[in-house]
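Every number in this text was worked out from the coordinates using simple rules, so none of it is lab data. None of these values were measured; they are calculated from a predicted model. No Cβ is skipped: glycine too gets one built from the backbone with ideal geometry, and neighbour counts run over all protein chains shown.
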Amino acid sequence: MSDAAPRPNENMGEPFPRIDARLKVTGQAPYPADAPIANLAYGTFAVSSIARGKINAIDIEPAKAVPGVLAVFTHREMAGQLEHPKFGNAAASSIAPLDTTDILHDGQPLALVIAETFEASQEAAQAIRVDYAAEQPSATFDAQGTETVAAKEASEQFEEDVAAGDFEAAFAAAPVTIDQRYSTPTQHHNPIELFSTTAVWDGDGLTVHEPSQNVTGWKVELAHQLRMEPEKVRIVSRYIGGAFGSKGPMTSRTAIVAWAAKKVGRPVRCVVSREQSCMTQTYRAETRHHIRMGADRDGRITAFAHEGWEVTSRPDPYVVGGTSTTGRMYDYGSVLTKVSIVKADRNTPGYMRSPPETPYVYALENAMDEMAVALNMDPVEFRRVNDTQVEPIGKKPFSSRSLMTCYDQAAEAFGWKERNAAVGSMRDGDWLIGMGCATAIYPTNVAPCTVRLRLNADGGLRLQCGSHEIGTGVRTIAAQMASERLGIPMDKIEVEMGDSSLPPAPVSGGSVSTASVCSAVIKGCASIRGKLFSAVVSADGPLKGAEPATLDMKDGAITSSDGRSMPMKEAFVAMKTGVIEDYAEFAPDGATPEAVSKLYGGQSEMKGGEKGEKVKYAFGAEFVEVRINTRTREVRVPRIVGAFAAGRIMNTRTARSQLMGGMIWGISSALHEVTEIDPRAARYVNRDLQDYLVPVNADIRDLQVILVPEVDMDVNPAGVKGLGELGNVGTAAAIASAVYHATGKRIRDLPIRLETLL
Ligand code: MOS
């Protein structure tokens, strides 16, 4: 691999190593399930082995007989004890297990055992006997008993089926058309850190240690379910071992464990097995797509229609609906889209890295490659012909769009001009070689955020923000922004995050954190600078009488543009203070006046993307080489190059890591990942990391990330476009394109496996 930490280019920050890196690699970072708690009891859930039906009877006596068992809770004890989760806010699902005898999915929690030891709780959970009235479940598309509904009617999460012009007429008139169907499978996040809840009561106050991407949202939602005041609840989540959306919404387990802890009068820790996680956590929904595209012979797209279908649970209208992005991707003459959801006997799906774009852009970009082939055009030139600075739905300009620069830089680094466009023409011994490319895109979101800064006269800074270090480097990046604005070194900055008692930050989802946290830090630092500057210009000293606008903070001093300077320490003396503390609230352009109070109420008002006067997206281009063995048909990806433009890059090391991880995940979704479902039982079959395939080091060879300079101050005060969810968009389509180039086989259903290439 090349370029471990790309040298910063224009508008890019230093590749500062993560400030928590050493703690993480030496095992000293305290993950929530590591929290040292005295007198802990342990909880294990017993879960349903049917996907649809009712509990006739549940026998907990064998569980109670296990030595060390303190209590067993079922619907008999718990019905009516908790408020139902509010789906659509911070709760993963409205399903309220242990409140009912109804069974809505395989693996639904039916009982919680509390015991002196983890082992005893497990043994007892397995001893519980359930008599079911089972019904035939419907697992997925085409199963009898599923129900298809339009997303626009069924779901508040879905805003609109975007459209422009007269698609049907344009499609009918187009000289070149394609009309194809694509699909993507169920996938599970499988973060290395298991899901866990540790609930500790202190009188009527509750502290929950649990990996979370949304501590403030969870505080409010948990208080709702437990019928408490939010101020009595605290969520602590300082380190997270993989999240990717799976730890964004809170599952029903958290409140049940907290309720049980109160009941037994002991702190309770419940670490969920990987197998149970697959059934009770969220996952990426299975999707289907129908794309119709028409173009002129010169390659100009005149008609684009994208219909999508997504599987969800019976009660929850969860939907991602990526047509808002695919409908704006190119300069289509006309657009028609429609998203539907299919209700099946499954647990509710949820956000998984780039939730709308991963499946929907896969379908679009695979179709783009098919159209390029139909037109006999180079796929890069086909994108160039249809590139645009104005999106076709609302005719609004992009705040910035460096898509073709990304294509050109990635194509150059990849050696695209060496590609012989004829299908099956490139070969190395037993290996067919294919080369393909696709577009990456992700909406640039930003949300309200608050921060507290405390700067000492000696230059030490404490930065407090209830955001979450989910592995992105946001702690480090927040410190870098403060270091730059206040002219103090990184090692003098201490950052606290991951605790709902800190000033609230938005859910760490939607690639929103760097932009939102940095915008709040800029605001807080501006206030501290203002206080210091007004003190030094009026006090006796070298900066007396200077214009505050000419002042800056650099290297522990306050400097003026005419070359005068004063140590920061003396500025504190001039202010007659030892510490400056500042609390700052940032709300993005277009936010409602209540946006910050809503943030305290656990709701993140996201702005950006297609909202606003300009539409805001980050772009990239990915090129892959695949090799397919002529005898075994195994598929390898020896080379992948991605070039990405995402506004200001705060740290080229962490940016590269995010994009690299995304590209690897893209390879994974193209070639490896699928949650296998037994349709008879509506059950996930590969519920462990032995059978759920993900790439290992040997699968990833030469991977190159190019950071393309881009300046965009329309997006937010930090000029940052989130990129955590950019890298895995488009990768699978680039691989499908390369597989076609190597073999002449167009694979439209993921994953692409050996058996699909026979
Ligand atoms: Mo991301 S799937 O928005 O946590």
Handout entry: Two-site FRET efficiency, Thr100 against Asn420, from Cβ-Cβ distance with R₀ of 51 Å, rounded to 0.05
Key = 0.25
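Counting other C-beta atoms within 10 Å, and keeping those with at most 13, which DSSP coil GluC sites (Glu not before Pro) do you find in the range 97-201?
Qualifying residues, ordered by number: Glu156, Glu159.
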Completion exercise
Ser597 and Lys64 label points (each 7 Å along its Cα→Cβ direction) are spaced in nm at 5.0 nm
Exercise for the section: State the Cα centre-to-centre distance between the range 516-560 and the range 301-362 in whole Å. Expected result: 48 Å
Problem - Computed over the range 446-606, Cα set: Rg, Dmax in Å - result: 16.4, 49
Fill in the blank from the handout: Taking trypsin sites (Lys or Arg not before Pro) in a DSSP loop with at most 11 other Cβ atoms within 10 angstrom as exposed, one finds the longest site-free stretch of the chain at 1-226
Handout entry: Backbone N within the range 526-546 under 12 Å of label point (7 Å from Asp562 Cα along the Cβ vector)
Key = 543-546
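Enumerate the helices in the chain for which the Kyte-Doolittle hydropathy averages -1.0 or more and the C-alpha atoms extend at least 15 Å along the helix's axis, using complete DSSP H runs. Each step should come with its number before you reach the end.
Numbers: long enough: 215-226 (16 Å, 0.14); 253-264 (16 Å, 0.52); 357-375 (25 Å, 0.24); 403-414 (16 Å, 0.32); 474-486 (18 Å, 0.18); 513-538 (38 Å, 1.00); 652-671 (28 Å, 0.28); 731-743 (18 Å, 0.98).
Length and hydropathy pass: 215-226, 253-264, 357-375, 403-414, 474-486, 513-538, 652-671, 731-743.
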Exercise for the section: State, to one decimal in nm, how far the label point of Glu381 lies from the label point of Val573, with both points 7 Å from Cα in the Cβ direction. Expected result: 7.1 nm
Handout entry: the range 207-285 and the range 371-421: distance between their alpha carbon centers, rounded to Å
Key = 44 Å
Fill in the blank from the handout: Here the gain from full extension of Asp298 to Met404, 0.36 nm per residue of separation minus their alpha-carbon distance, amounts to 36.3 nm
Handout entry: Candidates per GluC sites (Glu not before Pro) in the range 1-100, loop by DSSP, up to 16 other Cβ within 10 Å
Key = Glu10, Glu83
Practice task
Read phi for every residue in the range 600-617 and hand back ³J(HN,Hα) as whole Hz from Karplus 6.51 cos²θ - 1.76 cosθ + 1.60, θ = phi - 60°, with x for Gly and Pro.
Solution key: 4, x, x, 10, 9, 7, 7, 10, x, x, 8, 7, x, 6, 10, 8, 10, 9
Practice task
May I ask you to give the average projected area over all directions of the convex hull of the Cα atoms of the chain, in nm² rounded to one decimal?
Solution key: 33.7 nm²
Problem - Residue order, fewest to most beta carbons within 10 Å, for Leu110, Leu707 - result: Leu110, Leu707
Problem - Spatially proximal aspartates and glutamates relative to Lys152 (Cα-Cα < 15 Å; intrachain offsets below 8 disregarded) - result: Glu160, Asp161, Glu307, Glu310, Asp316
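Output the relative contact order of the range 446-606, whole-number percent, from Cα pairs under 8 angstrom with separation of 6+ residues. Please list the in-between numbers first.
Values: 318 pairs, mean separation 52.7, N = 161.
Reported as a whole number, the value is 33 percent.
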Handout entry: Across Lys531/Lys576; Lys247/Lys343; Lys64/Lys263, pairs whose alpha-carbon gap is larger than 18 Å
Key = Lys247/Lys343
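As a footprinting exposure proxy, order Thr198, Thr675, Thr100 by other Cβ within 10 Å, with the fewest listed first.
Details: Thr198 25, Thr675 19, Thr100 16.
The order, fewest Cβ neighbours first, is Thr100, Thr675, Thr198.
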Exercise for the section: Sequence neighbours fewer than 8 away in the same chain don't count; with that in mind, list the lysines whose C-alpha is under 18 Å from Lys492. Expected result: Lys554, Lys569
Handout entry: Spin-label pair Ser183/Arg746, simplified geometry with 7 Å Cα→Cβ offset, distance in nm
Key = 1.8 nm
Completion exercise
Most exposed first, judged by fewest Cβ atoms within 10 angstrom, His468, His84, His105, His188 run His84, His188, His105, His468
Completion exercise
Computed about the Cα centre, the charge dipole of the range 446-606 from +1 Lys/Arg and -1 Asp/Glu charges at the Cβ has a magnitude in debye, to the nearest 20, of 240 debye
Handout entry: For the range 229-238, 3J(HN,Hα) per residue [Karplus equation, 6.51 cos²θ - 1.76 cosθ + 1.60, θ = phi - 60°, Hz, x = Gly/Pro]
Key = 6, x, 5, 8, 10, 10, 10, 10, 8, 6
